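Q: A single structure is presented below for examination.
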Amino acid sequence: QRLSVFASGTGSNFDAMMQDEKIASSIVLLVCDKPGAAVIAKAEKSGVETLVLAPKSFSSKEEYEKVIYEKLQSLRVEWIFLAGYMRLIGETLLSHYEGRIINIHPSVLPAFPGKDAIGQAYRAGVPETGVTVHYVDEGMDTGPIIAQEKIEMIPGEAEEQLKTRIQAVEHRLYPNVIKQLTQNVTEEL
Ligand code: GRF
C-alpha cells in the first residue's frame, strides 16, 4: 500500500506514524499547505518526499488540488491520511479518493468540530472528550466515524495537560487505524 500524509503543522502525528516500521515504509509523500511548517523538516529528515504548496498562489481550490492529484498519481498513492491539515478537501481529491481519505480530530465527534477542538471542549466544561478518526467528506469533520476513544476530564487540569493526554491517544489510535485499513491487521483499536 502507498500512503500520503497531509499536514499543516508540527507533525506529532506524522512522527507517531513514522515510529511504526511498516507504516513508515508505506508513506511515500507528505503534502503540506504551509511553507515553513515543522512537519516538512520531519519528513525530509526521514527521507519522505514532500510537496509543499501555497494555496494562495493558485487561482482556485480546483487548480491547487489538481497539482496535488497529479503528484499523488505519479507516485501511485492509494490512501490520504490527514494529520492536522487545516483545510477542507475539495471535489477534485474527494472524487478520486472516495473512501480513501481519513482524518483525525481531537474531540468525540460530532461534538466540537472545527478549529481548537481541545480548547472548545475544555471551555465547555464537558465531563469527557477524546479523539475521533473518520472518513473525510465535503463537510468540516463530518464523515463516517471509524474509531473513537474517550478520555475523562480531570478537574482542575490545565488545558495544556489535557492537550498532552489527547495527543497521547492520537499517537496510539491513528497508527492502529492506519494499520487496520491498509494492512488488514485485526488488532484491538
Ligand atoms: C491533531 O490534534 C489533530 O487531531 C488535528 O490537528 C492536530 C495536529 O497535530 N487535526 P500535529 O501536527 O500532528 O502535532
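Q: Starting from the 7 Å offset along Cα-to-Cβ, what nm value, one decimal, do you get for the label separation of Glu78 and Ala168?
A: Using points 7 Å along Cα→Cβ, the separation is 3.4 nm.
Q: Here is a further query. So what is the 222 nm mean residue ellipticity for the chain from helices alone, if each DSSP H run of at least 4 adds -39500 (n - 2.57) and you divide by all residues, rounding to the nearest 500 deg cm²/dmol? Provide the component values of the computation, followed by the final result.
A: Details: 7 runs with 74 residues, N = 189.
One gets -11500 deg cm²/dmol as the mean residue ellipticity at 222 nm.
Q: While we're on this one: Which residues in the range 74-100 place their backbone N less than 16 Å from a point set 7 Å from the Cα of Glu62 along the Cα-to-Cβ direction?
A: 90-96
Q: Within the chain, which is the longest segment that contains none of the trypsin sites (Lys or Arg not before Pro) sitting in a DSSP loop with at most 14 other Cβ atoms within 10 Å?
A: Working: sites that count: Arg2, Arg76, Arg87, Lys115.
That would be 116-189.
Q: So, one more: Determine the distance separating the Cα centre of the range 9-38 from the Cα centre of the range 140-161; give it in Å without decimals.
A: What the calculation gives is 22 Å, centre to centre.
Q: Can you tell me how much longer the chain between His96 and Thr142 gets when fully stretched, taken as 0.36 nm per residue apart minus their C-alpha distance, in nm with one decimal?
A: On the way: separation 46, 0.36 × 46 = 16.56 nm, distance 1.87 nm.
The His96-Thr142 span can extend by a further 14.7 nm.
Q: List Thr142, Thr132 from most exposed to least, where exposure is judged by having the fewest other Cβ atoms within 10 Å.
A: Values: Thr142 15, Thr132 26.
Ranked by crowding around the Cβ, least crowded first: Thr142, Thr132.
Q: From the convex hull of the Cα coordinates of the chain, what is the mean projected area in square nanometres? Walk me through the intermediate numbers first.
A: Values: hull surface 41.7 nm².
Mean shadow area of the hull around the Cα atoms is 10.4 nm².
Q: How do Met17, Met153 rank when sorted from fewest to most other Cβ atoms within 10 Å of their own Cβ? Please report the intermediate quantities before stating the final value.
A: Values: Met17 22, Met153 16.
Lowest count first: Met153, Met17.
Q: When DSSP assigns beta bridges and you keep just the ones with both residues in the chain, what percent turn out antiparallel, to the nearest 5?
A: Working: 11 of 25 bridges.
The antiparallel proportion sits near 45 percent.
Q: Subtract the Cα-Cα distance of Met86 and Lys71 from 0.36 nm times their separation in residues, and report this length gain in nm to one decimal.
A: Full extension of this stretch gives 3.4 nm more.
Q: Next up: Can you pull out the GluC sites (Glu not before Pro) in the range 1-109 whose DSSP state is coil and whose Cβ has at most 15 other Cβ atoms within 10 Å?
A: Values: sites: Glu21, Glu44, Glu49, Glu62, Glu63, Glu65, Glu70, Glu78, Glu91, Glu98; in loops: Glu49, Glu78, Glu98.
Qualifying residues, ordered by number: Glu49, Glu78, Glu98.
Q: So how many Lys-Lys pairs in the range 1-111 land under 24 Å Cα to Cα, not counting same-chain pairs under 8 apart?
A: 15
Q: Normalising by the residue count of the chain, find the relative contact order in percent from Cα pairs under 8 Å and 6+ residues apart.
A: Details: 324 pairs, mean separation 37.9, N = 189.
Taking the mean separation of contacting Cα pairs over the length of the chain, I get 20 percent.
Q: For Asp15 and Ala41, calculate 0.36 nm times their separation in residues minus their Cα-Cα distance, and state this gained length in nm to one decimal. It would help to have the intermediate numbers written out before the result.
A: Working: separation 26, 0.36 × 26 = 9.36 nm, distance 1.12 nm.
The span from Asp15 to Ala41 would gain 8.2 nm if fully extended.
Q: Just add up the charged neighbours of Leu93: K/R +1, D/E -1, any other residue whose Cβ is under 12 Å from the Cβ of Leu93. Walk me through the intermediate numbers first.
A: Numbers: positive: Lys61, Lys66, Lys71, Arg87, Arg100; negative: Glu62, Glu65, Glu70, Glu91, Glu98, Asp137, Glu138.
With Lys, Arg at +1 and Asp, Glu at -1, the net is -2.
Every number in this text was worked out from the coordinates using simple rules, so none of it is lab data. The shown structure was predicted, so the numbers you read here are calculated from the model rather than taken from an experiment. Methodologically, a virtual Cβ is constructed for each residue, glycine included, from the backbone with ideal geometry; neighbour enumeration extends over all protein chains shown.
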